[in-house]
Protein chains: 2
Amino acid sequence: MPTPERTTLDAIVAAAAEILESEGLGGVTMQAVAQRVGVRAPSLYKRVESRDTLLRLVAEATLREYAVGLDGITDPHRLVDTLRAFGQARPAAFLLVMSPGPGTPVARQEFRDAASASLLGITAELAGEDDALEAARTLTAWATGFVSMEINGAFTLGGDVERAWRFGRDRVVAALRAETELSGSEPTPRPRGTADDSQRSR
Amino acid sequence: MPTPERTTLDAIVAAAAEILESEGLGGVTMQAVAQRVGVRAPSLYKRVESRDTLLRLVAEATLREYAVGLDGITDPHRLVDTLRAFGQARPAAFLLVMSPGPGTPVARQEFRDAASASLLGITAELAGEDDALEAARTLTAWATGFVSMEINGAFTLGGDVERAWRFGRDRVVAALRAETELSGSEPTPRPRGTADDSQRSR
DNA sequence: ACCTGAACACCGTTCAAGT
DNA sequence: ACCTGAACACCGTTCAAGT
């Protein structure tokens with residue numbers, strides 16, 4: 001007579017994500033996850049290949065949330081502001097996804113692609129089709145670099161971190177704008193709304 | 001009768017750094033480090049408090065090398081190129097230092113300060129004293145974000161990564177330049193040499 | 001068909017005992 | 001004064017045995 005299932009893969013991934021945030025990466029043990037979903041550690045291996053796979057699934061679930069949250073955003077300022085909000089809401093998950101240290105498992109490509117879809121649309125319009133990929137990489141690199149440093153407490157030289165964020169954001173976004181007076185191709189230089197709080201930057 | 005010392009703290013840290021690079025963070029076990037320096041694992045605790053401390057020492061030794069390598073550089077393009085070269089030479093150490101994942105030990109402040117000294121000098125001249133800190137944070141965020149993504153294999157959408165590097169570097173550096181026609185204070189707008197390979201960017 | 005206890009190999013770390 | 005074997009607690013993972 002078959003035993004009824006006492007948990008699900010989704011519950012396991014969700015439990016791992018919660019523990020990751022509250023206890024850190026080291027706290028995500030198979031035993032801790034198992035306890036949270038109400039089974040014993042060996043049972044987890046019915047749904048998940050290994051602890052590394054489980055962490056990868058957490059990363060991918062996080063990326064899926066990012067993809068949803070970023071979808072439809074057309075303003076580059078708002079895009080990076082949203083990314084930063086994700087980092088502040090769940091710092092450990094952000095680091096796991098956006099700047100995995102050495103030895104941390106990495107999300108599969110399809111999940112990275114989904115999360116960067118709206119970004120590529122934005123930079124295509126901002127920098128022109130020819131430079132869209134380069135602009136997307138520049139903006140992502142800056143934003144994830146900044147938020148990672150913020151999470152890691154690397155901003156210890158004083159100063160106003162909020163101001164540094166707006167400074168970097170506004171300068172980088174402006175720098176990506178197609179030089180319509182120089183470049184040829186199809187610059188699509190439609191005027192777009194600026195970010196909500198950019199008037200405070202001096 | 002005192003037993004002669006069979007190893008040193010420096011040798012231990014160096015061994016850990018080598019294993020980190022060749023075997024990854026998970027390979028840096030106390031036993032592996034001990035074996036490499038020719039003692040047993042418990043002996044390491046005479047010199048080092050814990051594995052976490054050892055990893056922190058590796059991070060700080062790496063930062064010290066960065067500080068030396070970056071010292072005296074006055075051109076921002078060359079500064080970030082050098083940082084990227086560090087990342088390519090020892091990827092795992094770069095990630096450990098510049099984008100530690102969740103749960104990785106972080107270098108103490110003094111070592112971070114030393115490594116960012118020349119950077120602050122550069123951005124002061126580039127962006128003006130008032131925006132030096134913000135400019136430094138912007139440039140560091142972009143550069144470490146880019147190199148981390150490169151190391152983590154996040155650039156999978158094709159395209160030319162070298163071109164993306166030069167694109168981002170040149171745009172971001174240009175964006176940090178003080179708007180001398182607008183800002184007041186002391187802009188110190190001396191002309192400076194451009195990067196060696198920037199002529200290849202179109 | 002899923003769940004579990006027991007077991008294995010392997011960690012980090014401690015400590016009494018050696019020299 | 002440093003080094004070591006033995007031991008402890010705790011991992012991830014496997015598997016035969018339960019239901």
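Structure notes:
- Considered as a group, the residues in region B:99-128 that are farther than 19 Å from B:Gly72 by Cβ and at pLDDT 95 or above include one that is surrounded by the fewest Cβ atoms within 10 Å (Cβ to Cβ), and that residue is B:Gly128.
- Residue ID - farthest from DNA strand C (Cβ to nearest atom), chosen from residues in region B:38-55 that are crowded, with 19+ Cβ neighbours inside 10 Å and more than 14 Å from chain A (Cβ to nearest Cβ): B:Arg47
- Taken across region B:134-150, residues that are facing another protein chain (nearest Cβ under 7 Å) and farther than 25 Å from A:Gly101 by Cβ do occur, with at least one present.
- Selection count where residues are of a type in the set (A, V, I, L, M, F, W, C) and either touching a Pro at 6+ places or on another chain (Cβ under 6 Å) or more than 14 Å from chain A (Cβ to nearest Cβ) (or both), scope region B:11-31: 7
- Within region A:21-32, the set of residues being closer than 19 Å to A:Pro100 by Cβ and among the hydrophobic types (A, V, I, L, M, F, W, C) comprises A:Leu25, A:Val28.
- Helices (runs of 4 or more DSSP H) contained in region A:1-117 and holding at least 1 residues among the polar types (S, T, N, Q): A:9-23, A:30-37, A:41-44, A:51-70, A:76-89, A:109-115
- Residue among A:Glu5, A:Glu49, A:Glu65 that is out of contact with any helix residue (DSSP H, G or I) (no Cβ under 6 Å at 6 or more places or on another chain), within 16 Å of DNA strand D (Cβ to nearest atom) and modelled with pLDDT of 95 or more: A:Glu49
- Selection of region A:70-108 for residues being within 10 Å of the chain's Cα centre (by Cα), more than 9 Å from chain B (Cβ to nearest Cβ) and small (Gly, Ala, Ser) yields A:Ala85, A:Gly87.
- The set of residues in region B:65-98 that are free of Cβ contacts under 8 Å to residues at least 24 places away in the same chain and on the phi > 0 side of the Ramachandran plot is empty.
- Test: residue in region A:159-174 that is within 7 Å of chain B (Cβ to nearest Cβ), assigned to a loop (DSSP other than H, G, I, E, B) and free of Cβ contacts under 8 Å to residues at least 40 places away in the same chain: yes
The values are calculated or read from the model by the stated rules, or taken from the named source; none is laboratory data. Computed from a prediction, not measured in an experiment: that's the story for all the values here. Every residue, glycine among them, receives a Cβ derived from its backbone with ideal geometry; neighbour counts consider all protein chains shown.
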